[in-house]
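Undergrad: Below you'll find the structure I mean.
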Amino acid sequence: GGGGGELKLAPVKHDAGLNQRLNDCARNTNDTQRLRALVYEQGADLTSTNGGPWNHTPLHQSAYHNRPEMVRELIELCRARGVLAQVLSMGSNPCGRGGTGTPLDLARGGGHKKCVALLEEAARSPTSGAAARGPTPKTIKVSGAGIWWCNDTWTLAGERAGRPYWRRNGNQTDCIAC
């Protein structure tokens, strides 16, 4: 079936077994559907850790083990729960990867570039961001009347200050996303 509406988050449960299943899923799989079910349907705690000496949350696990799709999903789940800034700043055992063992430290220390990019973007806007907006379009069509840039196609040219920007017909006129 399909259906409209957003999924409702189950209340957070402080259930050690449930939270261990969440942590294991984030560490060992790329199963984003199961990850969502553990959080949305069962109430697994995104701030829970695998305990000492590691103290890794599910986001730490996915960042450490180079699972960019899981990192992307966990960022959105943490954002939906309102705990993204907290989880991004949580230290853990850095496992020789430097820093204080934040998810970004673990990804950067492992050379996991996709995970690093996702975590850096999330840190710039922990309550919104590119993932919430959807994918950045490669071209945008602008139309209107009486303005110099109207009726033109702009092409994605890169990113500045964490925001995509487009270039008009290859010239130096840029438009940065708001």
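The values are calculated or read from the model by the stated rules, or taken from the named source; none is laboratory data. Small disclaimer: the values here were computed from a predicted structure and weren't measured. Using ideal geometry, Cβ is built from the backbone for each residue, glycine included, and neighbour counts are taken over all protein chains shown. Protein only, heavy atoms only, side chains kept; ligands, DNA and RNA dropped before computing areas. Shrake-Rupley method; radii C 1.70, N 1.55, O 1.52, S 1.80 Å.
Undergrad: Across the range 99-116, what is the number of residues that are of a type outside the set (Val, Ile, Thr), buried (at least 21 other Cβ atoms within 10 Å of the Cβ) and part of a loop (DSSP other than H, G, I, E, B)?
TA: Final tally of qualifying residues: 2.
Undergrad: Could you list, ordered by first residue, the pairs with Cβ atoms under 6 Å in which the first is in the range 27-49 and assigned to a helix (DSSP H, G or I) and the second is open to solvent by less than 70 Å² (accessible area, probe 1.4 Å) and not aliphatic (A, V, I, L, M), at least 6 apart or interchain?
TA: Within 6 Å, the pairs are 27/61; 32/73; 34/25; 35/25; 35/73.
Undergrad: Quick one: is residue 21 open to solvent by 40 Å² or more (accessible area, probe 1.4 Å) and more than 22 Å from residue 101 (Cα to Cα)?
TA: No.
Undergrad: Does at least one position in the range 68-86 carry a residue that is under 22 Å from residue 127 (Cα atoms), at pLDDT 95 or above and open to solvent by 60 Å² or more (accessible area, probe 1.4 Å)?
TA: The answer is yes; a qualifying residue exists.
Undergrad: Still on this structure: All but one of (1) modelled with pLDDT of 75 or more; (2) exposed (fewer than 14 other Cβ atoms within 10 Å of the Cβ) hold for residue 178, so report the exception by its number.
TA: Result: residue 178 passes all but (1).
Undergrad: Just to be sure before I move on: is residue 129 at pLDDT below 95, open to solvent by less than 30 Å² (accessible area, probe 1.4 Å) and under 30 Å from residue 34 (Cα atoms) in the structure I sent?
TA: Judged against the criteria, residue 129 is a match.
Undergrad: Right, another one. Which of the following residues is out of contact with any strand residue (DSSP E or B) (no Cβ under 9 Å at 6 or more places or on another chain), in a helix (DSSP H, G or I) and without any contact (Cβ under 8 Å) to a residue 24 or more places away in the chain: 21, 72?
TA: 21
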